[in-house]
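See structure below.
The values are calculated or read from the model by the stated rules, or taken from the named source; none is laboratory data. What you see is a predicted model; the values in this text were computed from it and never measured. So basically every Cβ, Gly included, is an ideal-geometry build from the backbone, and we count neighbours across all protein chains shown.
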Amino acid sequence: MRNIKLTLAYDGTEYAGWQIQSEQATIQEKLQQAIETLTGERAHVIASGRTDSGVHALGQVANFQTESRIPSDRWVPALNGELPPDIVVRHAEEVDAEFHATYAAKWKTYRYVIYTGDNRNPFVRRYSYHVLPAVDVQTMQIAAQRLMGTHDFRCFETDFPNRASSVRTIYALKLFRMASLPTWFDDAIVPQPEGPFIALEITADGFLYNMVRAIAGTLLQVGLGRWPVEMVPTILASGERKEAGPTAPACGLFLVHVEYEAEHP
């Protein structure tokens, strides 16, 4: 039995998230259908994490077991030939039998994109959250530093508890402006002094349900001048979801990278 590791990019707009649903299209469903078409096997594909409905990925990682003899370097074109155009396999490789995309992950990076143009832009609406232009990114960055390190992040978790523990470690949390919307193949983004887009990038050893979107919604309250910076550590200490900001829309969220080698970024 072979173990195949995939790196995926997808536009999650038309999907009810990663995990198979009974009556809605999902990423896992489409990928398993493509594998079955190629191999005749009903493979079960495991992902690094279950992205929610409408959430995108630039570097989702998944793996599956197969008896197929398709060479490693042929999985990418073969699968992409069967997948819908909004799901792309970027890389494929055969890995050890013990590799598990979920349990082996050391840390992940998510990006949340905010668009602050004067008018709505129909060409970026699927990939960013439009808010009023007067957003103070510098103040948001100051507030974001209050979330660095190891904390109980239950105040940013929808429907607590969803996991055995809500303690996580945030290694990096930065905000910066961009002149344009980054594309899926951008490995590094150069921050700009000005620009209509704001990126929030957060790296942690794990994430709770809606954690990134809740953090984005909370920091936006600070950036829009509705809350002071000091409100953020108070919210964190409260442990209450009702005290934090609203959950930002799914359209602005991207899973950027999943790391399996280094313990810390």
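Structure data summary
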quantity	calculated
Members of segment 184-222 found to be more than 22 Å from Asp52 (Cβ to Cβ) and either modelled with pLDDT under 85 or not assigned by TED's automatic domain parsing to the domain that holds Tyr115 (or both), listed by number	Phe185, Asp186, Asp187, Ala188, Ile189, Val190, Pro191, Gln192, Pro193
Residue under evaluation Leu236, criteria (1) assigned to a loop (DSSP other than H, G, I, E, B); (2) in contact (Cβ under 8 Å) with a residue 12 or more places away in the chain, criterion not met	(1)
Residues of segment 48-78 that turn out to be within 11 Å of the chain's Cα centre (by Cα) and either in the same structural domain as Leu253 (by TED's automatic domain parsing) or of a type in the set (A, V, I, L, M, F, W, C) (or both), as a count	3
Matching entry among Thr183, Thr247 (being β-branched (Val, Ile, Thr) and more than 29 Å from His91 (Cα to Cα))	Thr247
Qualifying residue in segment 20-34 (condition: part of a loop (DSSP other than H, G, I, E, B) and basic (Lys, Arg))	no
Any pair with Cβ under 6 angstrom, 6 or more apart, that starts in segment 253-265 at a residue that is part of a strand (DSSP E or B) and ends at one that is hydroxyl-bearing (Ser, Thr, Tyr) and surrounded by 10 or more Cβ atoms within 10 Å (Cβ to Cβ)	Leu253/Tyr112; Leu255/Thr51; Leu255/Tyr110; Val256/Thr109; His257/Thr109; Val258/Ser48
Meets criteria (more than 16 Å from Tyr115 (Cβ to Cβ), surrounded by fewer than 23 Cβ atoms within 10 Å (Cβ to Cβ) and at pLDDT below 95) for Pro233	no
Subset of segment 101-143 [touching a Ser or Thr at 6+ places or on another chain (Cβ under 7 Å), of a type in the set (A, V, I, L, M, F, W, C), closer than 22 Å to Ala204 by Cβ and crowded, with 19+ Cβ neighbours inside 10 Å]	Ala101, Trp107, Val113, Ile114
Every residue from segment 71-97 that is surrounded by fewer than 18 Cβ atoms within 10 Å (Cβ to Cβ) and in contact with a Ser or Thr (Cβ under 7 Å, 6 or more places away or on another chain)	Glu82, Arg90, His91, Glu93, Glu94
Any hit, segment 52-63, residues being assigned to a helix (DSSP H, G or I) and of a type outside the set (S, T, N, Q)	no
Sole residue being closer than 21 Å to Arg213 by Cα and either of a type in the set (D, E, K, R) or out of contact with any Lys or Arg (no Cβ under 6 Å at 6 or more places or on another chain) (or both), chosen from Ile27, Ile46	Ile27
Strands (runs of 3 or more DSSP E) contained in segment 94-183 and holding at least 2 residues within 30 Å of His44 (Cβ to Cβ) and among the aromatic types (Phe, Trp, Tyr)	107-115
